[in-house]
Amino acid sequence: MEPVVSKITSKGQISVPAAVRRRLDLGPGTRIEWVEKDGEIVVRRASRFTSHDIHEAVFRKERPVVSVEDMDKGIKARMKKKHAGR
């Protein structure tokens, strides 16, 4: 990809050029991150979740223990509700 230039507005905002948005599949609300690497700034698509988000989801202590049977019942009930009337 050829270098692409953007301007910074008086409010510190930039527009991401269409070619870059297409290449990185960026849309409204997509997060990007700025990383300094070897004296340059790299702009890339941000991960949807941080390692902290994942750790909290996996190791959350307040979550009640659920049996496999209860999980199966919950899945069955959700699928029944989701597909009702089809």
Seminar exercise, completed: By residue number, the members of region 1-38 that are charged (D, E, K, R) and farther than 19 Å from Phe49 by Cβ are Glu2, Lys7, Lys11, Arg21, Arg22, Arg23, Glu36, Lys37, Asp38
For this session: Look at Ala77 and say whether it is hydrophobic (A, V, I, L, M, F, W, C) and at pLDDT below 90.
Result: no
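Only residues that are polar (S, T, N, Q) and modelled with pLDDT under 85: list them for region 25-63, please.
The first filter runs over region 25-63 and keeps only residues polar (S, T, N, Q), leaving 30, 47, 50-51.
Scanning region 25-63 gives Ser47, Thr50, Ser51.
Going through region 47-63 one residue at a time, which ones are polar (S, T, N, Q) and either at positive phi or not in a loop (DSSP other than H, G, I, E, B) (or both)? Explain how you work it out, then say what you get.
At the first step, the residues of region 47-63 found to be polar (S, T, N, Q) are 47, 50-51.
The answer is Ser51, and nothing else.
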Exercise. Which of the residues spanning region 1-18 are modelled with pLDDT of 90 or more and either surrounded by 10 or more Cβ atoms within 10 Å (Cβ to Cβ) or in a helix (DSSP H, G or I) (or both)?
Worked result: Ser6, Ile14, Ser15, Val16, Pro17, Ala18
Exercise. Restricting to region 22-37, what's the tally of residues that are surrounded by 12 or more Cβ atoms within 10 Å (Cβ to Cβ) and over 19 Å from Glu2 (Cα atoms)?
Worked result: 2
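Regarding Val66, is this residue in a loop (DSSP other than H, G, I, E, B), more than 30 Å from Glu2 (Cα to Cα) and not acidic (Asp, Glu)?
On the way: in a loop (DSSP other than H, G, I, E, B): yes; more than 30 Å from Glu2 (Cα to Cα): yes; not acidic (Asp, Glu): yes.
Criteria met by Val66.
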Seminar exercise, completed: Taking region 41-71 and keeping only residues that are over 28 Å from the mean Cα position of the chain (by Cα) and surrounded by 11 or more Cβ atoms within 10 Å (Cβ to Cβ), one is left with Asp70
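The values are calculated or read from the model by the stated rules, or taken from the named source; none is laboratory data. None of these values were measured; they are calculated from a predicted model. So basically every Cβ, Gly included, is an ideal-geometry build from the backbone, and we count neighbours across all protein chains shown.
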